[in-house]
Amino acid sequence: MRRILSLCAIVVLGLVLLVGAHRIARAGMPVTSKLMDAHMEITLRRLPEPGDRERADAIVADARLLVAKYANVADAERDGFAKFLPNIKLPQEHFTNAAYAREAWFGTFNSAHPTSLIYARTPAGLHIVGVMYTASNMVSEADLDRRVPMSIGTWHRHVNFCWAPAGTPLREAYFGAHPKFGFEGSIATRDACDSENGNFSPIEFGWMIHVWPNAPTESAIWSIHGDDDGHDMVGAHMHHGGAPAGTASTGLPIPLDHLPAVAVDSGDAAHGATVFAQNCASCHGASGRAGPDAPQLAGQGLVAGQVAFMVRNPSVIDVTSDMPQLSISDGDLADVSAYVSQLK
């Protein structure tokens, strides 16, 4: 999976200086999210609401204007955008505007004021490819959705960060071939960080979202990495259970306490077993104990409402899911939800 080293550079050394809030940002409002990998947390897709499409299109339109306006790095620098880590060349560079970063952090979203402009390094020089918007770690999910509709865009933030001990050379600590520290590092737990005399932060800085306005598809326009290969939801070539194709998967696609639930009638678990066998067992295995490309359902602690949500909204949980939208009645939904929720 492609890594976003330049974004890490910004977070590690940039936003601290811009907003002076790196320790404040550890706390935060509850947001429905999941881990994309050991160092990145991403928001889940919400169900579409009226006006989402229009709002998203307006943001992309502003991003296209920005990309056209700042094709030349000198123009960006003239308007207050500055490159972080000027002495380190990265394949992707962020030029960040301190005033716009503060504006976003303290609660104002303006799609004409991106926190950063994103440039790809090419043989011909720096080529602008996208923009980045940010939000404080203290904002609510509703506020993130008001800024950018979460039925379309995916916010992300960096987690499980281990700061290197004081005096460790920057390139060695965070940008070497096999770094221990930072968002590319092998260290992802407090114990491992403490053992290296580092400083562990479970949540580092705020929420971020990329827009690649000239990408060829909508999924690429709103992706984290600027492609549409499904990296944003589950990593490279992963299926909806979080395991490589062809291997058994036992984990749910998101943490149980982040999985939404919907109201569902009390069902008949005995009949639900039949519904499950007819519609679900081929992927999830007999009695929900995991098939080749789907997560184990048995023993996960699911409540009926969470089962019902997954059945009705598989792509909300994971946009790359192979799970079909099942055309079953509300009665069968209640029954299969009752059955799955009691599987041990």
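Structure data summary
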item: The stretch 83-219: C-alpha gyration tensor shape, a/c 1.5 cut-off, then a/b vs b/c; result: oblate
item: Which of F109, F81 is most accessible, then next, and so on - probe 1.4 Å; result: F109, F81
item: Rounded to the nearest 10 Å², the accessible area of R78 at probe 1.4 Å; result: 150
item: Rounded if a/c under 1.5, otherwise prolate or oblate - the stretch 16-169, Cα gyration tensor axes; result: oblate
item: Net charge over other residues, Cβ less than 9 angstrom from the Cβ of S33 (K, R count +1; D, E count -1); result: 0
item: Karplus (6.51, -1.76, 1.60) ³J(HN,Hα), θ = phi - 60°, over the stretch 142-147, in Hz, Gly and Pro reported as x; result: 4, 6, 4, 5, 5, 6
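The values are calculated or read from the model by the stated rules, or taken from the named source; none is laboratory data. From a predicted model like this one, the values you see are computed outputs, not experimental measurements. Backbone-built Cβ (ideal geometry, glycine too); neighbour counts: all protein chains shown. Note: areas computed on protein heavy atoms with side chains; ligands, DNA, RNA excluded. Shrake-Rupley method; radii C 1.70, N 1.55, O 1.52, S 1.80 Å.
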